[in-house]
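Data first, discussion second: the structure below is written as structure tokens.
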Amino acid sequence: MASSSYAYLDSNDRKDDKLDSQRNYQGDYPDLENALYLWHIQMEKKKAPKWSNGWLDRLKKRHNIKEYKLRGEGGSVDIHNEDTVKQMDNLRAECSSYALKDIFNTDKTGLFWNLQPDRYLATQQIGGGKKSKERITLVLTANADGLEN
């Protein structure tokens, strides 16, 4: 035997559920892990209910709870501000004198094609890095009736 790290390779009592693992790691709390595993097996035999995220999804829907992420300039505009409401009303009044086909909107956006996700699932905080600034800039234009873009 070369090392105790590879003792599991020399063992003849391999279990089928361990064959596909790369290493037979016992974990820091083998008694706790074994108890959890035995409990899991008991629950499978009892046909215990399988819980899903459905209840959480319904709770969020009932109370209108959503995940929001501020983006760009839109995050800095208070749409309930009295001045903002007045400006929007004036803009709507001005636009009402034009046909929908003659009202255009243009906006610029960037596609950060090499940017890593800013959210992740992990058991502990992991280190970050610099965000990639490589992007493709897009300019999009469309009219109000949607026939020209």
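The values are calculated or read from the model by the stated rules, or taken from the named source; none is laboratory data. Quick caveat, the model's predicted, so the values are computed rather than measured. As a convention, Cβ positions derive from the backbone with ideal geometry for all residues, glycine included, and neighbour counts pool all protein chains shown.
Please identify the pairs in which a residue from region 101-119 that is of a type in the set (D, E) has its Cβ atom under 6 Å from the Cβ atom of a residue that is loosely packed, with under 12 Cβ neighbours inside 10 Å, counting only partners at least 6 apart or on another chain.
Within 6 Å, the pairs are D107/L140.
Scan (1) surrounded by 10 or more Cβ atoms within 10 Å (Cβ to Cβ); (2) part of a helix (DSSP H, G or I); (3) at pLDDT below 80 for the single condition G75 breaks and write down its number.
(1)
Would you check which residues across region 90-104 are closer than 15 Å to G146 by Cα and either exposed (fewer than 10 other Cβ atoms within 10 Å of the Cβ) or hydrophobic (A, V, I, L, M, F, W, C) (or both) and list them?
A99, L100, I103, F104
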